[in-house]
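*Asks:* Input: one structure, supplied below.
Bear in mind that the values in this text are calculations on the coordinates, not laboratory data. Note that the coordinates shown come from a computational prediction; the quantities given were computed from them, not determined experimentally. Counting neighbours? That spans all protein chains shown, and the Cβs are built from the backbone with ideal geometry, glycine included.
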Amino acid sequence: MAKLNMVKALNLALLQEMERDPDVLVIGEDVGVDGGVFRVTEDLHRKFGGTRVMDSPLAEAGIIGASVGMALYGLKPVCEIQFSGFAFQCFHQMENHVARYRMRTQGRFGCQMVVRMPYGGGVRALEHHSESEEQFYAHIPGLKMVIPSGPRNARALLAAAIRDPDPVIFFEAKALYHAAKEDVPDEIETMEIGRAHVDRAGKDITLVAYGAMVRMAREAADRLHEEDGAEIEIVDLLTISPLDRETLTASVRKTGRAVVVHEAPKSFGPGAEIATSIMEGAFLSLEAPIRRVTAHDVPFVGFARERANLPDVARIVDACRETLSF
Amino acid sequence: MRENGPAAMPRTIIEPQFTIEHLSILDSDGNLDSALDPRIPPEELQRLYRAMLLARHFDERMLRLQRQGRIGTFAPIKGQEAAQLGSVATLRRTDWMVPSFRETASMLWRGWSMEKLLLFFSGYLEGGRPEPEQHDLPICIPVATQLPHAVGLAYAAQYRGDDAVVMAYCGDGATSEGDFHEAMNFAGVWHVPVVFIVQNNQWAISIPLKKQTHSRTIAQKALAYGFPGLQVDGNDVLAVYAASREAVERARRGDGPTLIECVTYRLGVHTTSDDPTKYRSTEEVEAWERKDPLTRFRAYLQTRNLLEPGLEAAVDAEIASGVQAFEAAGPPDPLTVFDHAYGNPPAEIAAQRAAMAARLGRAPQPDAGPPPSPPMRGQRRSWPS
């Protein structure tokens, strides 16, 4: 057991999966000698060499496209896209091929690969370094979309993603990379993909969040408890797609109320799917409309005004109070 | 030169002028340049001609099937048989072939059945499933996106210590795509065993080559990526074969990628939805018809007394039985749409499958139902209600 931040925890997952499976390799821009711009792949190049920890040319479609070929051959590439904002330059490879190869070849080939990307705001970074694009991937059949919320689940989910026969898009919240340390077991640990986690039990309202927003949701729940005496249940999705409708529905059947939080813009975002799923599964238990606390429907606003655009504790608290008093 | 001033810094030549070779062995009348004879064994020459004839006749048959509404839209290959077969024939079974969407001849050579190709163009994904031991990727429709896959396959072969070579196809239009550049660049940097066959058929739907690139040749693009590029007469099967054999050998001995530009011509339509009379002249097409790859190869084989009697009837019989197999298959089973979306399918897939099964009056789980019916089916049967 060691106290690790999310960067170190992800690094541990990569190290251990590479040790146990010679088909796992790492590819991306600056992931080798430099150890990645966020240091997630640190030291792997020294341990496994440049043919397994590959510094690729600066070309996202090349990284993903070549990884498709490797996966079709039976390797298990773990790709790093330096920032999720750059992934539109390989989006066609993910949508056209990564997601579809199993279907197109009727099971003859699959793309067992992971695409890791730092995403999200809150780190005072420029345009294309701060956005949340999980909805695009969550909407594509054939892909799985995972977003951990802390060091321990990040490590366990990355190990599970590498072993999953399906391609997994793995978003890492930059705001969480160095935010907190957690006890992470030394021995290999995995978590089931597609399972949400009840982060905190409560009876009054279900607060659905993922990634960096889980931390925000906890703060809001603390404040609502202190100031209003409300007991908030936090559901940490961990996997965006496939969505764990069962856990969401069970929670709302208990609480009768739900608020969904995400950093992506509101309209047609994950909140819409989450709210609809709750409505389909727990309609008769609902006491209030499901509210969404999200970024506004505007393009990137620049980090100087980022706090005005992204969800914060006050907005979550307000949405919960409106829902509780409906 | 000024005295006591800064030293002169003349422009220096760091890359001497390059040359691009064009290889042609058989002229359009089938006369051989014996100095360049690739010395292909007679049986291999006969096999190549048979495959070219089969591909030509199958392509024509597909066109009729499409016009009759028995298959959907497809991309005919007429005129490109030499470019495809001269190249693919230099591969071993254990090598990999990565097609785009106009490689019917290469695919037939690699063992794709006519039944599967017809199924594919009738909207059945079963037509895109390679056999378990087949080292081919399926038809790839988004232009040039298959090229990075070929580079990844080649990297993986090298990583595993296999001596497999990867051959990837694209057209002249694809060379304008970003994925073409990224694939070439990765292939050069990684020095992987891949051979890129560019079938320059002069037209990307209605866009002529001169609107596609200002480069004198496509072959020379390879030089900027640090590997050889060669232009060949793509309607000369011997030239394509000789160049491909050299490139495949180079790749296999660890000397990296090659790009071969096959100068050829799409004698027919882009796809069956296209009308080329809108953008190109009859004279142009007729000029290329005089360079037909089959005519010249046939003339050459005749001079060597290698033409097999009864060949036309034999390939037509093979085509007839392929078409028959395609048409004999049963109706599609809609429930199979859920079978291969995921390797480890989410609960929602099972739920959606169960809902469809209920509508169809069928068992909700794949295991609980009757044994699955054969996956390949003809197109004209009605959809079960």
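*Asks:* Per DSSP H run of n ≥ 4, the term is -39500 (n - 2.57); total these for chain A, divide by its residue number, and report the mean residue ellipticity at 222 nm rounded to 500 deg cm²/dmol.
*Replies:* Numbers: 11 runs with 112 residues, N = 326.
My calculation for chain A gives -10000 deg cm²/dmol from helical runs alone.
*Asks:* Name the residues whose placed amide hydrogens come within less than 5 Å of the amide hydrogen of residue B:167, ignoring near sequence neighbours (fewer than 5 apart) on the same chain.
*Replies:* For residue B:167, the qualifying residues are B:96, B:97, B:98, B:195.
*Asks:* Okay, next question. Tell me what chain B gives for mean residue ellipticity at 222 nm when only DSSP H runs of n ≥ 4 count, each as -39,500 (n - 2.57), the sum divided by the residue total, rounded to 500 deg cm²/dmol.
*Replies:* -12000 deg cm²/dmol
*Asks:* With both bridge residues required to lie in chain B, what share of the DSSP beta bridges run antiparallel, to the nearest 5%?
*Replies:* 10
*Asks:* Next question, about the same structure. Work from the charge dipole of the protein assembly as shown (Cβ charges, +1 for Lys and Arg, -1 for Asp and Glu, about the Cα centre) and give the residue of A:122, B:186, B:363 farthest towards its positive end.
*Replies:* The Cα lying farthest towards the positive end belongs to B:363.
*Asks:* State the answer as a single residue: which of B:71, B:209, A:33 lies farthest towards the positive end of the charge dipole of the protein assembly as shown, with beta carbon charges of +1 for Lys and Arg and -1 for Asp and Glu, about the Cα centre.
*Replies:* B:71
*Asks:* So if I restrict to the alpha-carbon atoms in chain B, what is the Rg, and what is Dmax, the biggest pairwise distance, in Å?
*Replies:* In Å, with Rg to one decimal and Dmax whole: 23.8, 97.
*Asks:* In addition: Charges only on Cβ, +1 for Lys and Arg, -1 for Asp and Glu: so what's the dipole of the stretch A:197-324 about the Cα centre, in debye to the nearest 20? Spell out each step's value before the answer.
*Replies:* On the way: 16 positive and 21 negative charges, 35 e Å.
Here the size comes out at about 160 debye.
*Asks:* Could you rank the peptides A:139-147, B:252-260 by their average count of other C-beta atoms within 10 Å per residue, with the highest value first? Don't skip to the end; give the middle numbers.
*Replies:* Numbers: A:139-147: 22.4, B:252-260: 20.4.
Output ranking for A:139-147, B:252-260: A:139-147, B:252-260.
*Asks:* Same structure, new question: Need the list of lysines near residue B:78 for cross-linking: C-alpha distance under 26 angstrom, and skip anything on the same chain fewer than eight residues off.
*Replies:* Leaving aside lysines fewer than 8 places away in the same chain, those within reach of residue B:78 are B:116, B:210, B:211, B:278, B:291.
*Asks:* Toward the positive end of the charge dipole of the protein assembly as shown, about the Cα centre and with charges on Cβ (Lys, Arg +1; Asp, Glu -1), which of A:211, B:270, B:85 goes farthest?
*Replies:* B:270
*Asks:* Sticking with this one: Tell me, what is the FRET efficiency for residue B:215 and residue A:298 to the nearest 0.05, using R0 = 60 angstrom and their Cβ-Cβ distance as r?
*Replies:* Between residue B:215 and residue A:298 the formula returns 0.90.
*Asks:* Another one. How many percent of Cα pairs in the protein assembly as shown exceed 49 Å?
*Replies:* 25
*Asks:* Inside 10 Å of the C-beta atoms of A:103-115, what's the mean count of C-beta atoms belonging to other chains?
*Replies:* Shielding by partners across A:103-115 averages 5.
*Asks:* A follow-up question, please. Quick one: which residues, 5 or more positions from residue B:272 or on another chain, have an amide H under 5 Å from its amide H? H modelled 1.01 Å from N in the peptide plane, none for Pro or chain starts.
*Replies:* Distant-sequence amide H within range of residue B:272: B:74.
*Asks:* Each label point is 7 Å from the Cα along the Cα-to-Cβ direction; what then is the distance between the points at residue A:195 and residue A:268, in nm?
*Replies:* Going from the residue A:195 label point to the residue A:268 one covers 3.4 nm.
*Asks:* Now for a separate question. Using +1 on the beta carbon of Lys and Arg, -1 on that of Asp and Glu, and nothing else charged, what's the dipole of the protein assembly as shown about the Cα centre, debye to 20?
*Replies:* I would put it at about 780 debye.
*Asks:* Report, for the protein assembly as shown, the % of DSSP beta bridges that are antiparallel, rounded to 5.
*Replies:* Close to 15 percent.
*Asks:* Using a Gaussian network model on chain B with a 10 Å cutoff between Cα atoms, which of B:14, B:25, B:207 fluctuates the most?
*Replies:* The residue that fluctuates most here is B:14.
*Asks:* Other chains near B:140-152: what is the mean number of their Cβ atoms within 10 Å of each residue's Cβ?
*Replies:* Mean shielding by partner chains, rounded to a whole number: 6.
*Asks:* Please tell me the relative contact order of chain A in percent, rounded to the nearest whole number, where contacts are Cα pairs under 8 Å and at least six residues apart.
*Replies:* Rounded, it is 16 percent for chain A.
*Asks:* A further question on this structure: Over the Cα atoms of the stretch A:197-324, each weighted equally, I'd like the Debye log10 I(q)/I(0) at q = 0.18 Å⁻¹, rounded to two decimals.
*Replies:* Log10 of I(q)/I(0), two decimals: -0.89.
*Asks:* Follow-up question, since we're still on this one. Work out which helices of chain B, taken as complete DSSP H runs, extend at least 30 Å along their axis over the Cα atoms and score a mean Kyte-Doolittle of -1.0 or more, then list them.
*Replies:* Once both thresholds are applied, what remains is B:42-67.
*Asks:* Quick one: putting +1 on the C-beta of Lys and Arg, -1 on the C-beta of Asp and Glu, what dipole do you get for chain B around its Cα centre, in Debye to the nearest 20?
*Replies:* The dipole of chain B has a size of about 700 debye.
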